[in-house]
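See structure below.
The values are calculated or read from the model by the stated rules, or taken from the named source; none is laboratory data. Quantities reported herein were computed from a predicted structural model and do not represent experimental measurements. Note that each Cβ is placed from the backbone with ideal geometry, even for glycine, and that neighbours are counted across all protein chains shown.
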Amino acid sequence: MASGRIGRAYDCGHRRARMGQAAAWAKGGRMFKLGVILFPLMILAMILKQKGPVAKFLALGATSAEKARRTPELTMGERYQMPDLVKRGVLIALDDGRYYVDVAMHRRRRRRVIIVLAVAAVALVAAVVLLWPSVGEEAGASGME
């Protein structure tokens, strides 16, 4: 008999905790939804604002074989990006150890990255907006009334 009382008391406490959680979701849900929408957009802005080795070569004016330069002072992350940029044709390596930027390829690659990230951000926002009501219905159906 005592175990039954403990069980019922636990159930009531657990139910109250779930009801409090539902109230908290209802109260702060709008701000959470806004954050979910803005977060991918802020990541997109941060990625687009990042400067890399290409920006340093452009600042030095290395845009053709005649103006090619040796590697400027690069951070560890920028040095790590160099082989990938050479492989993709954004940076052109010359035999004497100098590099220059293929400006047309750099613009095409940057445009592609912007388009892919923008489509991903729009898809994420659309998914959150379209799926948000179903999340609220699931919370209500789980006994939080």
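Numbers for the structure displayed
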quantity	calculated
Which listed residue is at pLDDT below 80 and surrounded by 14 or more Cβ atoms within 10 Å (Cβ to Cβ), from M144, M105, M82	M144
Residue ID - surrounded by the fewest Cβ atoms within 10 Å (Cβ to Cβ), chosen from residues in region 44-60 that are free of Cβ contacts under 8 Å to residues at least 40 places away in the same chain and part of a helix (DSSP H, G or I)	K49
Qualifying position, being without any contact (Cβ under 8 Å) to a residue 60 or more places away in the chain and surrounded by 15 or more Cβ atoms within 10 Å (Cβ to Cβ), among L124, L131, L91	L91
Checking K87 against (1) charged (D, E, K, R); (2) modelled with pLDDT of 90 or more; (3) outside any helix (DSSP H, G or I), the condition it does not meet	(3)
